[in-house]
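Scroll down for the structure; my scribbles are underneath it.
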Amino acid sequence: MNVGIVGLGLIGGSLAKSIKHRTMHTVWADDIDPETMMFARLSGAIDGALDEEKLADTDILLISVVPNVAVKWLTEHADKIAKKTIVVDMCGVKRTVCSAMAPIAEKHGFMYVGGHPMAGTERGGFVSSTNDLFDGASMILTPDEHSSAQILENLKNFFLDMGFGHITFSTPEEHDRIIAYTSQLAHVVSNAYIKSPEAQKRRGFSAGSFKDMTRVARLDEKMWTELFLDNPDYLVEQLEILIDNLNEYLDVIKKGDREKLQALLKDGREKKATAGGN
């Protein structure tokens with residue numbers, strides 16, 4: 001099978017490496033950085049450039065750039081994409097992307113399914129990409145009324161072959177609502193937490209909890225600004241819930257109310273047990 005990848009950053013590069021490492025598929029890629037393209041070719045992550053001729057012969061096309069660039073790229077190349085091609089974007093928000101891409105696909109006769117691989121690191125770029133980034137991870141797909149059972153089965157098998165642990169089907173609305181809590185809020189909190197003046201004095205006083213809280217503060221501000229502002233309603237809702245919860249802790253600590261503080265901590269511990277996870 002011929003796979004095209006647009007964008008060879010952390011996600012696109014890892015997709016390419018995973019495909020080449022685990023399957024016999026041919027991988028063609030398009031990236032605006034010539035050095036990245038050269039490095040990807042020399043390292044064996046791709047078989048060549050995704051030019052117009054190869055684009056027309058692509059079976060699956062993975063668009064792995066930020067939302068506005070993804071929509072722009074698809075708009076500019078839609079007339080070169082074959083009707084047999086299944087296009088899947090890898091963007092971290094789905095409502096804005098799916099609402100823009102689905103009509104383009106319908107107009108030009110190829111298939112489109114929204115996607116979001118739930119994996120990443122705090123460092124970006126092709127140099128940080130690996131062939132095991134997606135091992136055991138969830139791949140979220142947001143099919144619509146045009147997505148046939150056969151196409152979804154093909155995509156499921158494709159992503160599982162790459163190392164993903166399971167496939168999660170969702171709607172763009174549900175995806176954006178939940179991702180505001182599980183991903184976007186965590187990045188806001190980490191980025192705000194590290195701004196305390198004590199962060200510069202913490203050497204010798206920090207351990208695992210500090211590392212866990214600050215890991216994703218090292219983010220790509222341009223990409224995350226776009227993701228946050230493409231999902232403002234749900235992210236604001238989650239921020240307001242968090243601020244209300246923090247104010248409860250602030251109030252009882254100020255008052256020295258041992259009983260209420262212990263009750264708040266117990267409630268959080270029990271909710272963590274119910275939510276599961278590490």
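Laboratory data are not the source of any read-out in this text; all were calculated from the coordinates shown. Every value quoted in this text rests on a predicted model; they were computed, and no experiment measured them. Here the Cβ positions follow ideal geometry from the backbone for every residue, glycine too, while neighbour counts run over all protein chains shown.
Some notes on this structure:
- Stretchable slack from ASP51 to GLU221, in nm (0.36 nm times residue separation minus alpha-carbon distance): 58.2 nm
- For the chain, the residue among SER206, ALA78, CYS91 whose Cα projects farthest onto the positive side of the dipole built from Cβ charges is SER206.
- Packing-based order for 61-71, 205-215, using average beta carbon neighbours within 10 Å, highest first: 61-71, 205-215
- Here the 3J(HN,Hα) profile of region 209-219, calculated from phi with Karplus coefficients 6.51, -1.76 and 1.60 at θ = phi - 60°, is 5, 5, 5, 5, 6, 9, 3, 8, 5, 7, 10 Hz, Gly and Pro shown as x.
- Percent breakdown of C-alpha pair distances by 5 Å bin, ordered from the shortest bin, for region 119-186: 3, 14, 20, 20, 22, 15, 5, 1
- Distance between the modelled labels on GLU35 and ARG269, one decimal in nanometres: 5.2 nm (7 Å Cα→Cβ projection).
- Computed about the Cα centre, the dipole magnitude for region 39-101 is approximately 320 debye when only Lys and Arg (+1) and Asp and Glu (-1) carry charge, each at its Cβ.
- Contact order relative to length of region 126-222, as percent, for alpha carbon pairs under 8 angstrom and 6 or more apart: 27
- Selection from ALA186, LEU235, THR168 lying farthest towards where the dipole of region 134-278 points positive, charges on Cβ: ALA186
- Residue ranges 15-26, 192-203 sort as 15-26, 192-203 when ordered by packing (mean number of other C-beta atoms within 10 Å per residue, highest first).
- Net charge over other residues, Cβ less than 13 angstrom from the Cβ of VAL71 (K, R count +1; D, E count -1): -1
- Summary of packing: across the peptides 72-78, 42-48, the per-residue average of other C-beta atoms within 10 Å ranks them, highest first, as 42-48, 72-78.
- Between 0 and 90°, nearest 10: helix 10-22 axis offset from the chain longest Cα axis: 60
- Computed extension gain for ASP257 through ASN154, at 0.36 nm per residue and net of the alpha carbon distance, reaches 31.3 nm.
- If only the Cβ of Lys and Arg carry +1 and only the Cβ of Asp and Glu carry -1, the dipole of region 212-278 around its Cα centre is close to 520 debye.
- Cα-based equivalent ellipsoid of region 202-278: semi-axis lengths in Å, sorted from largest, via gyration tensor: 27, 19, 14
- When the charge dipole of the chain is built from unit charges on Cβ atoms (+1 for Lys and Arg, -1 for Asp and Glu) and taken about the Cα centre, the candidate among HIS146, GLY136, MET111 whose Cα reaches farthest toward its positive end is GLY136.
- Estimated inter-spin distance, ARG123 and GLN200, nm [label 7 Å along Cα→Cβ]: 2.6
- Those lysines that a straight Cα-Cα span of less than 29 Å connects to LYS211, excepting residues fewer than 8 apart in one chain: LYS17, LYS195, LYS201, LYS222, LYS254, LYS260, LYS266, LYS271, LYS272
- The convex hull of the Cα atoms of region 1-124, projected and averaged over all directions, covers 7.1 nm².
- Listed values for region 116-124 are Karplus-derived 3J(HN,Hα) couplings in whole Hz (6.51 cos²θ - 1.76 cosθ + 1.60, θ = phi - 60°), namely 7, x, 8, 7, x, 9, 6, 10, x, and x replaces Gly and Pro.
- Straight-line reach from LYS84: taking Cα to Cα under 20 Å and skipping same-chain neighbours fewer than 8 places apart, the aspartates and glutamates in range are ASP30, ASP51, GLU52, GLU53, ASP57, ASP59, GLU76, GLU106, ASP144, GLU145, GLU153.
- Placing +1 on the Cβ of every Lys and Arg and -1 on the Cβ of every Asp and Glu, with nothing else charged, gives region 1-155 a dipole about its Cα centre of roughly 200 debye.
- Reachable lysines, given that their alpha-carbon falls under 17 Å from the alpha-carbon of LYS83 and they are not under 8 places away in the same chain: LYS54, LYS107
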